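Remarks on the structure that follows.
What follows draws every value from the coordinates through simple rules; no lab data is involved. Here the structure is a predicted model, which means the values were calculated and not measured. Glycine gets a Cβ as well: all are built from the backbone with ideal geometry, and neighbour counts include every protein chain shown.
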Amino acid sequence: MGDDPGEQPSMREAFALLGHDIRLDILVVLLDEWVAAYTEPTTYAELMDAVGVSDSGKFNYHLGRLHGTYVEKVDGGYVPTAAATALYRAVVAHRPDRARDRTQFEVDSECPRCGARLVGTHERGFLSVDCESCDDWLGFSYPFPGNGFRGRTDDEAVRAAHGRCKQHLGVARSGQCPFCAATTTIEVERDAIVAGNEPPIEIRCDSCSFHVGSHVLFPFLLDPDVTAVLSDAGIDVERYEWELPEPTTRVTSQEPLRIHVEVDGPDGTATFVIDDRLDVSSGRLE
């Protein structure tokens with residue numbers, strides 16, 4: 001999903017503001033003291049001294065360019081904005097790590113279609129899990145910063161990426177983008193529900209580029225009503241989504257859309273009904 005073309009100029013301007021060493025130095029000084037809403041302001045004199053600029057006219061110009069987008073003036077001085085801190089987090093999370101780029105590794109899990117051992121890759125900031133033995137399984141792929149591999153084994157990183165996706169899906173399903181906090185749009189493809197050969201659920205941010213496709217069960221793995229009935233059926237909801245029993249789905253109403261979902265477990269069949277907003281209207285063990 002692309003950004004709104006009407007917002008492109010402001011996006012370019014936001015990036016262009018960082019195109020000078022003095023401005024970057026100002027942000028580095030402010031971010032070094034950042035403690036969220038409790039950040040103590042840095043005075044004009046302290047900031048100018050820390051940046052090492054003696055020309056007040058030049059300093060005022062560059063500080064003014066950052067004002068409103070990355071720097072805010074408050075009582076007592078200056079603080080970084082939420083945009084500056086978000087940018088900083090993104091830079092740290094995605095800092096280059098050539099040791100991880102295009103790395104392929106074995107995953108401690110089996111293909112739900114053919115039973116072969118799955119293979120993981122980390123490339124361009126995405127952690128993907130695929131089967132090299134068959135084309136029947138679509139696999140798993142989700143943005144995962146290279147920073148997520150630090151201090152984790154490969155399997156721990158896959159588990160972390162899966163959990164990250166699950167958390168983000170839960171937030172997006174509730175109507176909020178997990179990245180920019182804007183509203184989300186949910187699309188449920190009726191034909192895909194029936195055919196079962198592609199993810200029938202898409203959730204898009206109405207403002208930024210967040211866009212994810214999902215099978216029926218994944219967005220509900222943090223829903224207490226669904227996880228309770230799945231657990232009652234003897235299904236371990238902490239497993240990877242692709243290791244869970246494949247649900248049987250059928251459309252029971254077109255307008256309004258109602259989808260009946262059944263998941264067979266060792267202790268029974270978990271059933272629940274969802275609508276086109278992914279709200280759960282009922283859940284029970286049969």
Q.
With the requirement that a residue be in contact with a strand residue (DSSP E or B) (Cβ under 6 Å, 6 or more places away or on another chain) and assigned to a helix (DSSP H, G or I), what does the stretch 170-189 give you?
A. Ala172
Q.
Among (1) free of Cβ contacts under 8 Å to residues at least 24 places away in the same chain; (2) loosely packed, with under 14 Cβ neighbours inside 10 Å, there is one condition Gln167 misses while meeting the rest; what is its number?
A. (1)
